[in-house]
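The values are calculated or read from the model by the stated rules, or taken from the named source; none is laboratory data. Since this is a predicted model, take the numbers as computed values, not measurements. Cβ placement follows ideal geometry from the backbone for every residue including glycine, while neighbour counts extend to all protein chains displayed. Keep in mind that these areas ignore ligands, DNA and RNA; they rest on the heavy atoms of the full protein, side chains included. Shrake-Rupley method; radii C 1.70, N 1.55, O 1.52, S 1.80 Å.
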Amino acid sequence: MPPGATRDDMTIRREQMVAALSAEFGIKDVRVLETMAKVPRHRFVPDALKAQAYRDGALPIASGQTISQPFIVARMTELLELDGSEKVLEIGAGTGYQTAILASLARKVFAIERHEGLAREANARLSELGFRNITLKAGDGTKGWEAYQPYDAILVAAGGPKVPEPLISQLKTGGKLVIPVGEKGENQVLTRVTKMPTGVKIEEFGPCTFVPLIGDHGWPEEQK
Ligand code: SAH
């Protein structure tokens, strides 16, 4: 970045990222695009990587995790078809970037992150940025968050072997759940589950790559 670079450079880069999400990546939901043009992704990435904050790629964060690629954040959010009235549950909050996008598009977001350090940092960052409609805790999100169910929408930002059963039971009828499902670290498919009065509707939206969803209804903890 040139000397004397200001926040405006970040704004310009962010606008270019959003233009690409629309023109090259086919994101159509205008509310999603407008929100991604506002939320400062560079505030969520490690200092050393700020210059790369608006490239379309995942970036490493603390605890060996990643902040998701902007396209996949946009796509998953778009698939939830939020109108602003929803109570949303997010699993795998990481840096809180996806949480901030959801909180800008829905009424209330409950978020869970497995790593305590990440959860603490995400909470601090989100309140510093002025978000007041987010409740974020550390824990195993594959069990859902019983206290605030049922949810209108659920987003899982880590890849599981299957759709965790508790998440389906905590989803409202008519509600949508988006999750990468597949093998550990590969051959994952972006999957949308819509809860019907009887059973569920499953739709698939192409390949994706996420860090593993680790928990009671996900993958077992890594052997050390
Ligand atoms: N949306 C995040 C992406 C984080 S990567 C962002 O934009 O920053 C996925 C996250 O899921 C990781 O931080 C990982 O620790 C977390 N995770 C994995 N299994 C989990 C579980 N069972 N419950 C909650 N979080 C989990």
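Structure notes:
- Taking the longest Cα principal axis of the chain as reference, the axis of helix 70-80 is set at about 40 degrees.
- Against the main long axis of the alpha-carbon atoms of the chain, helix 7-23 sits at an angle near 50°.
- Selection among L33, F44, L82 by position relative to the dipole of segment 1-106 gives F44 as farthest towards the positive end (Cβ unit charges, Cα centre).
- Sparse-neighbour loop sites [GluC sites (Glu not before Pro); segment 178-224; at most 16 other C-beta within 10 Å; DSSP]: E221, E222
- Looking at the chain, the DSSP beta bridges with both ends there are about 45 percent antiparallel.
- Placing unit charges on the Cβ atoms of the charged side chains and taking the dipole of segment 57-223 about its Cα centre, the candidate lying farthest along the positive direction among T135, Q65, A124 is T135.
- With respect to the chain, whose longest principal axis is taken over its alpha-carbon atoms, helix 116-128 is tilted by about 60°.
- Theoretical FRET efficiency, 1/(1+(r/R0)^6), r = Cβ-Cβ of Y148 and D216, R0 22 Å, to 0.05: 0.75
- Counting only protein heavy atoms and a probe of 1.4 Å, the accessible surface of the chain is 51% carbon and sulfur.
- Computed about its Cα centre, the charge dipole of segment 20-142 is approximately 260 debye, with only Lys, Arg, Asp and Glu carrying charge at their Cβ.
- Reachable lysines, given that their alpha-carbon falls under 24 Å from the alpha-carbon of K184 and they are not under 8 places away in the same chain: K143, K162, K176, K201, K224
- Average accessible surface area per residue within the chain, 1.4 Å rolling probe, Å²: 47 Å²
- Take the Cα of Q16, go 7 Å toward its beta carbon, and the backbone nitrogen atoms of segment 44-68 under 15 Å from that spot belong to 50-57.
- Dipole axis of the chain (+1 Lys, Arg; -1 Asp, Glu on Cβ), positive-most option in T191, Q16, G159: Q16
- For the chain, size of Cβ-based charge dipole, Lys and Arg +1, Asp and Glu -1, in debye: 400 debye
- With the simple spin-label model, which puts each label point 7 Å out from Cα in the Cβ direction, the E204 to K162 separation comes to 1.7 nm.
- Dipole magnitude of segment 99-152 about its Cα centre (Cβ charges: Lys, Arg +1; Asp, Glu -1), debye to nearest 20: 140 debye
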